[in-house]
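S.K.: Before we start, here is the structure in question, set down as structure tokens.
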Ligand SMILES: Cc1cc2nc3c(=O)[nH]c(=O)nc-3n(C[C@H](O)[C@H](O)[C@H](O)COP(=O)(O)OP(=O)(O)OC[C@H]3O[C@@H](n4cnc5c(N)ncnc54)[C@H](O)[C@@H]3O)c2cc1C
């Protein structure tokens, strides 16, 4: 097998590196952030994601860092229960924990941090010319682009693509507060405003940690674009301060130092998942809106399937074509489901279908 360069050490790049490592395929992983810069939100993982992860990590370590969710409980904003559903092996974990666990199996000489790579063009033979910031050149036979939803490599190749702002944005926060955590069982609680377009979700990560997030319709609710902790606190107090006491106590009792605002984008139309010797995985191939909760699982499946095809197929192009054929239909289903969940979220509560799950299934 030829040499593989992976660009971006998020969940997709790290899982790809894990699979290549396991199968003794030569690779190197490049990441622009610092090694210990692990900020980020949390992930809800369906059962399938856990199954793929158990191929490459010590799954007990994951279980120690997050928790299984027993039920999904859907409330209105004053705290009346609208519906309840049992969840089958749905897990929640912080992004930083998952990244840390996935990084463990990668030997230190196979991953370089603080390196940003850029695509300069293609050689006459069609090989991608990738440069580091210092203008030195990367030499690899296969380029796996795992550089996230706003992938520069993808935008350089598919110049006509259209990235659209999604009508929903999110504030996500992880807080350490034993007293608040003790008030929440291992359930997924989601509160919806009766006018639609505004929700608050709470998940317990451990006996001392809570992950909370709010989703808001960007045409109706506006956050000061300085995005400072004070601005985010003010936004939360203005819009959730008079909700059910559990919600208001969480937003009042939270520190906002690590709160993050996510502006969500999606591709109007998916691009091909490969071009010459470059192949895209995870969000760089297919940004999925958060409503699906399928971003991580899809990234894990991309890496698993691509690695197997790179081993099976003599020709890289055949591997890439089969990879795209296998992955695209499922991704299109998640995109469609995500858009349906988004449309429902924007409606007043009494017009939303009852008993929907906050996740996309195939
Ligand atoms: C608000 C929000 C909530 C979400 N909730 C969930 C959820 O509950 N469940 C779920 O499954 N998914 C969720 N997702 C989606 C999930 O975050 C992604 O699908 C998943 O993390 C896969 O990401 P990735 O590795 O492809 O990209 P990223 O995590 O974006 O990683 C890309 C990496 O590439 C690096 N990079 C970028 N450019 C370069 C370059 N030029 N050179 C070198 N390195 C570079 C970046 O620093 C980064 O580390 C959510 C997303 C958002 C925004």
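Just so you know, all these numbers are worked out from the coordinates, no wet-lab data involved. Predicted, not measured: the structure shown is a model, and the values here were computed from it. Note: ideal-geometry Cβ built from the backbone for every residue, glycine included; neighbour counts use all protein chains shown.
S.K.: Relative contact order of the stretch 1-154: what whole-number percent is it, with Cα pairs under 8 angstrom and at least 6 residues apart? Intermediate values should be presented prior to the final figure.
M.R.: Details: 265 pairs, mean separation 51.4, N = 154.
About 33 percent, as a whole number.
S.K.: Can you tell me what share of the DSSP beta bridges in the chain is antiparallel? A percent to the nearest 5 is fine.
M.R.: Numbers: 47 of 65 bridges.
Here the antiparallel bridges make up roughly 70 percent for the chain.
S.K.: What's the FRET efficiency of residue 325 with residue 219 using the Cβ-Cβ distance as r and R₀ = 45 Å, to the nearest 0.05?
M.R.: Once rounded, the FRET efficiency stands at 0.75.
S.K.: Expressed as a rounded percentage, what relative contact order does the stretch 201-275 have, with Cα pairs under 8 Å and six or more residues apart? Intermediate values should be presented prior to the final figure.
M.R.: Values: 43 pairs, mean separation 14.0, N = 75.
In percent, rounded to a whole number, it is 19.
S.K.: While we're looking at this one, here's another question. Can you work out the FRET efficiency for the pair residue 26 and residue 60, with r the C-beta to C-beta distance and R0 = 35 Å, to the nearest 0.05? Walk me through the numbers before you get to the answer.
M.R.: Working: r = 30 Å, r/R0 = 0.85.
With a Förster radius of 35 Å, E is 0.70.
S.K.: Can you give me the convex hull volume of the Cα atoms of the chain, divided per residue and expressed in Å³? Provide the component values of the computation, followed by the final result.
M.R.: Details: hull volume 48.6 nm³, N = 362.
About 134 Å³ per residue, rounded to a whole number.
S.K.: Output the 0 to 90 degree angle, nearest 10, between the alpha-carbon long axis of helix 316-346 and the longest principal axis computed from the alpha carbons of the chain.
M.R.: Roughly 20 degrees between the two axes.
S.K.: What's the angle, to the nearest 10 degrees (0 to 90), between helix 11-22's Cα axis and the longest principal axis of the chain?
M.R.: Compared with the principal axis, the helix lies near 50 degrees.
S.K.: For a protection proxy built on the mean count of beta-carbon atoms within 10 angstrom, sort 67-80, 92-105 highest first, please. Don't skip to the answer; put the middle values down first.
M.R.: Numbers: 67-80: 16.9, 92-105: 19.3.
Highest to lowest by the protection proxy: 92-105, 67-80.
S.K.: Within the stretch 221-245, find all residues whose amide N lies under 14 Å from a label point positioned 7 Å from the Cα of residue 195 along Cα-to-beta-carbon.
M.R.: Flagged as within label range: 221-222, 238-243.
S.K.: If I fit a long axis through the Cα atoms of helix 295-312 and take the longest principal axis of the Cα atoms of the chain, what angle between them do I get, 0 to 90°, rounded to 10?
M.R.: Here the helix axis deviates by roughly 20 degrees.
S.K.: What distance in nm lies between label points placed 7 Å from Cα along the C-beta direction at residue 246 and residue 48?
M.R.: Distance between label points: 2.9 nm.
S.K.: With the contact rule set at Cα under 8 Å and sequence spacing of 6 or more, what percent relative contact order holds for the stretch 87-188?
M.R.: Values: 46 pairs, mean separation 13.0, N = 102.
Relative contact order of the stretch 87-188: 13 percent.
S.K.: 222 nm [θ] for the chain, helices only, -39500 (n - 2.57) per DSSP H run of 4+, per residue, to 500? Kindly include the intermediate steps, with their values, before the conclusion.
M.R.: Values: 10 runs with 117 residues, N = 362.
Helix-only estimate at 222 nm: -10000 deg cm²/dmol.
S.K.: Binned at 5 Å from 0, what are the whole-percent values of the Cα-Cα distance distribution for the stretch 1-115, short to long?
M.R.: 2, 11, 19, 19, 15, 12, 8, 6, 4, 3, 1, 0
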